[in-house]
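For reference, the structure discussed in these notes is given below.
The values are calculated or read from the model by the stated rules, or taken from the named source; none is laboratory data. Please read these numbers as outputs of a predicted model, since none were measured by experiment. Every residue, glycine as well, gets a Cβ built from its backbone with ideal geometry; the counts of neighbours run over all protein chains shown. Protein only, heavy atoms only, side chains kept; ligands, DNA and RNA dropped before computing areas. Shrake-Rupley method; radii C 1.70, N 1.55, O 1.52, S 1.80 Å.
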Amino acid sequence: MTEHTPILTEQQGGILTITFNRPEKLNAMTDPMLEGLLEALKQAERDPAVRVVILTGAGRGFCPGQDLGAAKERGGETGDYGYGKHLRETYNLVILRMRRHPKPIIGAINGPAAGAGMSIALACDLRIAAESAVFVQAFVKVGLVPDSGATWLLPRLIGQTRALELMLTGRKVPAQEALELGMIHQVVADSQLMATVHELAQTLASAPTKSIGYIKRGLEFAATHTLEESLEYEADLQDMAGRTADHHEGLTAFLEKRPPQYRGE
Ligand code: LHQ
């Protein structure tokens with residue numbers, strides 16, 4: 001682990017933890033952070049030893065979105081902040097890489113997740129939040145619109161009506177309410193967050209990794225396709241899953257009445 005870098009990575013067994021590291025600004029996003037995040041995600045994709053990714057924030061914040069100081073500087077004197085280009089070249093690549101990532105990504109939401117930081121939280125596959133965490137569709141508060149996938153991800157998790165209310169008001173949603181809305185899947189005491197996340201990560205790290213990647217692909221595909229198309233896609237994915245060593249191990253272990261030893265192959 002290297003200190004003073006905006007993104008920290010640490011690998012323990014099959015678990016790679018990526019930590020946003022600007023705690024004095026609640027981990028507000030800067031370009032070096034976005035570059036570091038993208039690189040860490042790519043590395044996790046390439047490295048067969050990585051079987052699950054945890055995304056979290058250093059200090060008391062998860063990520064409050066774009067660093068607004070850096071955003072102001074971008075505008076300079078012209079008043080053209082160039083957000084569209086910035087999004088296309090950075091955040092959009094991060095979100096797509098997360099959604100298409102072959103390994104499961106767990107968001108350990110340790111504190112405020114706002115603006116594009118909330119979008120990054122929503123792009124994780126599973127979300128466990130500390131009870132003091134809050135989720136904020138902060139965009140409207142600074143005269144912007146939800147980005148980095150928020151318009152696509154949030155209504156799919158909590159429904160159009162509730163998503164719109166949060167986007168129009170920009171109010172803070174406490175972790176417990178986020179759980180009730182279906183935005184996250186678990187809330188735990190702040191002191192229990194990382195232990196709970198690690199327990200889940202450990203389970204996923206000893207699961208059939210390729211099958212998990214195909215499950216993600218299946219759901220992502222089905223979100224934008226018909227039943228007929230999804231049935232076809234499922235059949236293709238099942239063909240691929242059926243050819244993995246882990247499937248062979250699963251079948252053999254079942255028939256030999258012993259626990260399977262999955263190697264992610
Ligand atoms: C921050 C930030 C921050 C800089 C806290 N920036 N310093 C737009 C443009 C282009 C591309 C990508 O996408 C976007 C969309 C966006 O993401 S726009 C940004 C949307 N985010 C916000 O508007 C959130 C702004 N932050 C807040 O509303 C609050 O900080 C929350 C509710 C997150 C947390 O409140 P508190 O727990 O009360 O903490 P705090 O406000 O005291 O913040 C602590 C420090 O962090 C403070 O710095 P300071 O030097 O005064 O101690 C804040 O200024 C700094 N900080 N968010 N986005």
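Which is in the same structural domain as G115 (by TED's automatic domain parsing), within 16 Å of M118 (Cα to Cα) and within 16 Å of the ligand (Cβ to nearest atom), of L38, L26? Full working, then the answer.
On the way: L38 fails: within 16 Å of M118 (Cα to Cα).
Answer to the check: L26.
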Go through (1) open to solvent by 60 Å² or more (accessible area, probe 1.4 Å); (2) at pLDDT 95 or above; (3) over 29 Å from Q192 (Cα atoms) one by one and return the number of the condition F139 breaks. (1)
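Residues in segment 178-187 that are part of a helix (DSSP H, G or I) and either surrounded by 16 or more Cβ atoms within 10 Å (Cβ to Cβ) or outside the structural domain of Y91 (by TED's automatic domain parsing) (or both): how many?
Looking only at segment 178-187, we keep the residues that are part of a helix (DSSP H, G or I), and these are 178-181.
Going one step further and asking which of them are either surrounded by 16 or more Cβ atoms within 10 Å (Cβ to Cβ) or outside the structural domain of Y91 (by TED's automatic domain parsing) (or both), we end up with 178-179, 181.
Total meeting the criteria: 3.
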Of the criteria (1) more than 10 Å from the ligand (Cβ to nearest atom); (2) basic (K, R); (3) at pLDDT below 95, which one R46 fails: (3)
Residue in segment 8-23 that is farther than 23 Å from K85 by Cβ and small (G, A, S) present: yes
Regarding E249, is this residue among the acidic types (D, E), over 19 Å from the mean Cα position of the chain (by Cα) and closer than 23 Å to R97 by Cα? no
Can you spot a residue in segment 209-218 that is at pLDDT 95 or above and farther than 25 Å from Q12 by Cα? yes
Only one residue in L87, L55 is under 19 Å from the mean Cα position of the chain (by Cα), in contact (Cβ under 8 Å) with a residue 24 or more places away in the chain and within 10 Å of the ligand (Cβ to nearest atom), so which one is that? L87
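If a residue has to be surrounded by fewer than 14 Cβ atoms within 10 Å (Cβ to Cβ) and part of a helix (DSSP H, G or I) to count, how many in segment 193-235 make the cut? Give the steps one after another, and end with the answer.
From segment 193-235, those surrounded by fewer than 14 Cβ atoms within 10 Å (Cβ to Cβ) are 195, 199, 203, 219-220, 223-229, 231-232, 235; that's our starting set.
From what is left, the residues that are part of a helix (DSSP H, G or I) are 195, 199, 203, 219-220, 227-229, 231-232, 235.
Going through segment 193-235 one residue at a time, the tally reaches 11.
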Return the pair list, or none, for Cβ contacts closer than 6 Å from residues in segment 142-167 that are open to solvent by 40 Å² or more (accessible area, probe 1.4 Å) to residues that are part of a loop (DSSP other than H, G, I, E, B), at least 6 apart or on different chains. L157/G182; L157/M183
